[in-house]
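The structure under discussion appears below in the form of structure tokens.
The values are calculated or read from the model by the stated rules, or taken from the named source; none is laboratory data. Only a predicted model underlies this, so the values are computations on that prediction, with no experimental measurement involved. A quick note on method: Cβ atoms are made from the backbone with ideal geometry, for glycine too, and the neighbour counts reach across all protein chains shown. These accessible areas exclude ligands, DNA and RNA; they are computed on the full protein's heavy atoms, side chains included. Shrake-Rupley method; radii C 1.70, N 1.55, O 1.52, S 1.80 Å.
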Amino acid sequence: MTSRKATIGVLGGMGPEATILFMQKMLDAVPANDDCDHVPLIVHNNTQVPSRIRALIEDGGEDPGPVLAAMAKDLEGAGADALAMPCNTAHHYAPVIAEAVSIPFLDMVRLASGKALEQTAPGARIGVLGSPALQATRVFEGPFAQVGLTPIYGNDADARLDIIRSVKKRGVTPDAIGALQVSADRLVERGADVLMVCCTEFSLIADRLRNKAMLFDTLQVLVDACVAFSTGDSQSSEAARGSSAASVPPKSDHLGKENLPC
């Protein structure tokens, strides 16, 4: 019989396509023989969360914090054992979310800082390929300082905002891919040792970039942490990464109790 897996509550809708990408990555991360092998998710795909960009860098926007706190409470009430939020910029409000509930909040920013250290060493320079709001709010500065890393940012804030808005409006287009490639290349020119994709709109494009060898995606880091939390297996995410139908263990010819359908 399959052991119980912890349920992850997802604060989604920022944006909705990025939330779907997160869910697909969660499916891909688990070698499964049946439905019950996957991680249970409760997804609050709230497209009405006030604009993080408007509130943080354009002044005068409605505060998303109370809405995110209410979503967190709803997910806890619905039975979530932990929370995850596939939106880097919204992690400015992580303390508000964590304070609203009694269950763990899997903080993508802190998890990504640990991953960046794994990829490099103290003293490394991490190119932050994300929303300009991350620089304005210094979301990564504290966690990076704790592990001896330095974030570096591009000087093309308007271009990156245009990419985010384009992806939200039109999906992934050749123009969006080309523009993000330029941003990535500029970070390398500025001395980035590693590139960190930390915008879930950019996550939709990340696998099209030429810089793959030196790049990691915070969304994948969050997926790995969710799988590990749900299964109680710290090795589960790495073992399952890149899995496909071909890597799923073959079913026994004789169905034992452990192979019964869910």
| of a type outside the set (S, T, N, Q), exposed (fewer than 14 other Cβ atoms within 10 Å of the Cβ) and part of a helix (DSSP H, G or I): does that describe ALA145? | yes
| Restricting attention to the stretch 92-122, which residues are in contact with a strand residue (DSSP E or B) (Cβ under 6 Å, 6 or more places away or on another chain), within 15 Å of GLU141 (Cα to Cα) and of a type in the set (Val, Ile, Thr)? | none
| message | Could you go through the stretch 123-136 and let me know if any residue there is closer than 24 Å to ARG52 by Cα, open to solvent by 20 Å² or more (accessible area, probe 1.4 Å) and modelled with pLDDT under 95. | response | yes
| Among the residues of the stretch 136-152, is any in contact with a Phe, Trp or Tyr (Cβ under 7 Å, 6 or more places away or on another chain), farther than 22 Å from ASP59 by Cβ and not hydroxyl-bearing (Ser, Thr, Tyr)? | yes
| task | Kindly indicate whether any position in the stretch 164-180 is on the phi < 0 side of the Ramachandran plot, open to solvent by less than 20 Å² (accessible area, probe 1.4 Å), out of contact with any Ser or Thr (no Cβ under 9 Å at 6 or more places or on another chain) and among the hydrophobic types (A, V, I, L, M, F, W, C). | result | yes
| Number of the exception - SER203 against (1) small (Gly, Ala, Ser); (2) open to solvent by 20 Å² or more (accessible area, probe 1.4 Å); (3) within 16 Å of the chain's Cα centre (by Cα) | (2)
| query | Within the stretch 78-91, can one find any residue that is in contact with an Asp or Glu (Cβ under 9 Å, 6 or more places away or on another chain), assigned to a helix (DSSP H, G or I) and not β-branched (Val, Ile, Thr)? | reply | yes
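With open to solvent by 10 Å² or more (accessible area, probe 1.4 Å), charged (D, E, K, R), touching a residue at least 60 places away in the same chain (Cβ under 8 Å) and out of contact with any Cys (no Cβ under 6 Å at 6 or more places or on another chain) as the only criterion, which of ASP185, ASP193 stands out?
Working: ASP185 fails: touching a residue at least 60 places away in the same chain (Cβ under 8 Å).
The match here is ASP193.
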| Residues satisfying the stated conditions in the stretch 4-49, i.e. more than 26 Å from ALA70 (Cβ to Cβ), crowded, with 16+ Cβ neighbours inside 10 Å and hydrophobic (A, V, I, L, M, F, W, C) | ALA29, VAL30, ALA32
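For MET214, state whether it is in contact with a strand residue (DSSP E or B) (Cβ under 8 Å, 6 or more places away or on another chain), open to solvent by 40 Å² or more (accessible area, probe 1.4 Å) and either modelled with pLDDT under 50 or not aromatic (Phe, Trp, Tyr) (or both). Lay out the reasoning, then the answer.
Details: in contact with a strand residue (DSSP E or B) (Cβ under 8 Å, 6 or more places away or on another chain): yes; open to solvent by 40 Å² or more (accessible area, probe 1.4 Å): yes; either modelled with pLDDT under 50 or not aromatic (Phe, Trp, Tyr) (or both): yes.
Spelling it out, MET214 is indeed in contact with a strand residue (DSSP E or B) (Cβ under 8 Å, 6 or more places away or on another chain), open to solvent by 40 Å² or more (accessible area, probe 1.4 Å) and either modelled with pLDDT under 50 or not aromatic (Phe, Trp, Tyr) (or both).
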| query | Within the stretch 115-151, can you find the residues that are over 20 Å from ALA184 (Cα atoms) and touching a residue at least 60 places away in the same chain (Cβ under 8 Å)? | reply | THR137
| request: Go through (1) in a helix (DSSP H, G or I); (2) under 21 Å from the mean Cα position of the chain (by Cα); (3) not charged (D, E, K, R) one by one and return the number of the condition VAL139 breaks. | output: (1)
| said: I want to confirm something. Restricting to the stretch 100-136 and keeping residues that are within 21 Å of LEU219 (Cβ to Cβ) and in a strand (DSSP E or B), which single residue is nearest to the chain's Cα centre (by Cα)? | reply: LEU106
| request: Give the residues of the stretch 43-67 that are more than 15 Å from ILE164 (Cα to Cα), of a type in the set (Gly, Ala, Ser) and either in a loop (DSSP other than H, G, I, E, B) or modelled with pLDDT of 95 or more (or both), sorted by residue number. | output: GLY60, GLY61, GLY65
